[in-house]
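Remarks on the structure that follows.
The values are calculated or read from the model by the stated rules, or taken from the named source; none is laboratory data. Not measured: the values here are computed from a predicted model. No Cβ is skipped: glycine too gets one built from the backbone with ideal geometry, and neighbour counts run over all protein chains shown. Heads up: the accessible areas ignore ligands, DNA and RNA and are worked out on the full protein's heavy atoms, side chains in. Shrake-Rupley method; radii C 1.70, N 1.55, O 1.52, S 1.80 Å.
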Amino acid sequence: LRTINNHSITDACVKNDIYRQMTTHRESFAEQMKFLSENNYNILSCDEAVNMIKTNVPISSKSVCITFEDGFKDNLTNALPVLQRYGFKATIFLTVEYIKNGAEYLDWSDIRSLLKTGLIGFGAHSLSHKRLQGLNRNNLEKELRMSKRILEDNLKTAIDLFAYPFGSYGSF
């Protein structure tokens, strides 16, 4: 099982080194999805992959989960049309406090629209995208529990997945 993780699917090349690591150009993303389709990869939602692992169902070495972090608006405008072209599922891990910004990030209406496609699932990515390492227990629980609760209350669906913010080595 492999994961293709993205943050933002951009229309333009990103020159800033920090953001370039977290973005994929729209055309490159389309080429990647075409490759997966033409080479008969099995695209699983994260929920499907977790359920297969929990129930000891063998997962093909050609299985892939497609994920996005933070909830950028271009996940809707640039990624969704490509995913729809191939019928590929994906999971977007949302940072709850970013949802308030409907310009750069998805708003609640966008998120509900994505959910209705049947291709997009959601997980939590914390309340405020703080570095969790070093937070006291109360603040850590707030970041985890509040993000889950707010997402579930607004989407009327269970949120059982979590992507760790700043998930690189040394972050946790």
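Laid out as a table, the results:
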quantity	calculated
Amide H contacts of residue 69 (H built 1.01 Å from N, under 5 Å, at least 5 apart or other chain)	6, 7, 93
Dipole magnitude of the chain about its Cα centre (Cβ charges: Lys, Arg +1; Asp, Glu -1), debye to nearest 20	280
Neighbourhood net charge (12 Å Cβ-Cβ; Lys/Arg +1, Asp/Glu -1) for residue 43	+2
Accessible surface, 1.4 Å probe, highest first, among residues 152, 69, 104	104, 152, 69
Choice from 123, 134, 71 with maximal GNM fluctuation in the chain (Cα, 10 Å cutoff)	134
Potential extension, residue 77-residue 137 segment - 0.36 nm per residue separation minus Cα distance	17.8 nm
Candidate values (i) 38, 35, 28; (ii) 48, 43, 34; (iii) 93, 40, 21, label of the one derived for Cα extents along the principal axes in Å	(ii)
Length-normalised contact order for the stretch 1-121 - Cα pairs under 8 Å, 6+ apart - percent	28
